[in-house]
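**Student:** One structure coming up, written as structure tokens, with questions to follow.
The values are calculated or read from the model by the stated rules, or taken from the named source; none is laboratory data. Since the structure is predicted, the reported quantities are computational estimates derived from the model, not experimental observations. Ideal geometry is used to build each Cβ from the backbone, glycine not excepted, and the neighbour counts take in all protein chains shown.
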Amino acid sequence: MTTNHPIVLYDGECGLCDRFVQFTLARDPKGVFRFAALQSSIGRELLEEHGFVSEEGGVPSTVVVVEGERAWTRSGAALRVAKRLRMPWPLAYGFVVVPPFLRDAVYRFVAARRYRWFGKADACRLPSPSTRDRFLDQAAG
């Protein structure tokens, strides 16, 4: 799958991930990002294309940002998003100088508790009509 836009793959059942998507939409007035749930067919296709699906068919429990032929996960993905949002959020990209093992340790700490802290949905929330075209797994529907 190719697109001229970076694609954010997120856990469609995660309350924190939903908030991250809503946060990104609100701070991306130029419509740079596209979105797809990890659980969607498009999400799985992109995960497979970038080698993130395990032999057992499991998908990662992290945000993934796909830009062209490259993909970022965990804190690297979050920083890639921050870099392209309106000010002041690109300033957060400065944390890229922190070694990934430290950034990702914080990311994994929060991720391990995300369902407990932010809840878990039975299904992905439907996007609003004004943003539906930015959701790859909804655009055709």
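**Student:** Only one of Val106, Val98 is at pLDDT below 95, β-branched (Val, Ile, Thr) and over 26 Å from Lys30 (Cβ atoms); which?
**Tutor:** Val106
**Student:** Quick one: in segment 11-43, of everything that is touching a strand residue (DSSP E or B) at 6+ places or on another chain (Cβ under 9 Å) and acidic (Asp, Glu), which residue is surrounded by the fewest Cβ atoms within 10 Å (Cβ to Cβ)? Steps first, please.
**Tutor:** Restricting attention to segment 11-43, the residues satisfying the condition of being touching a strand residue (DSSP E or B) at 6+ places or on another chain (Cβ under 9 Å) are 11-15, 17-18, 20-21, 24-25, 33-38, 40, 42-43.
Subset that is acidic (Asp, Glu): 11, 13, 18.
Details: Asp11: 26, Glu13: 17, Asp18: 19.
Looking at residues that are touching a strand residue (DSSP E or B) at 6+ places or on another chain (Cβ under 9 Å) and acidic (Asp, Glu), I get Glu13.
**Student:** Can you give me the ranges of the strands (runs of 3 or more DSSP E) entirely in segment 20-123 with at least 2 residues that are touching a residue at least 12 places away in the same chain (Cβ under 8 Å) and touching a Gly at 6+ places or on another chain (Cβ under 9 Å)? Let's see the steps before the verdict.
**Tutor:** Working: elements: 34-37, 64-67, 70-73.
Those strands (runs of 3 or more DSSP E) span 34-37, 64-67.
**Student:** Can you report the number of residues in segment 71-105 which are surrounded by fewer than 16 Cβ atoms within 10 Å (Cβ to Cβ), within 17 Å of the chain's Cα centre (by Cα) and among the hydrophobic types (A, V, I, L, M, F, W, C)?
**Tutor:** Counting residues in segment 71-105 that are surrounded by fewer than 16 Cβ atoms within 10 Å (Cβ to Cβ), within 17 Å of the chain's Cα centre (by Cα) and among the hydrophobic types (A, V, I, L, M, F, W, C) gives 1.
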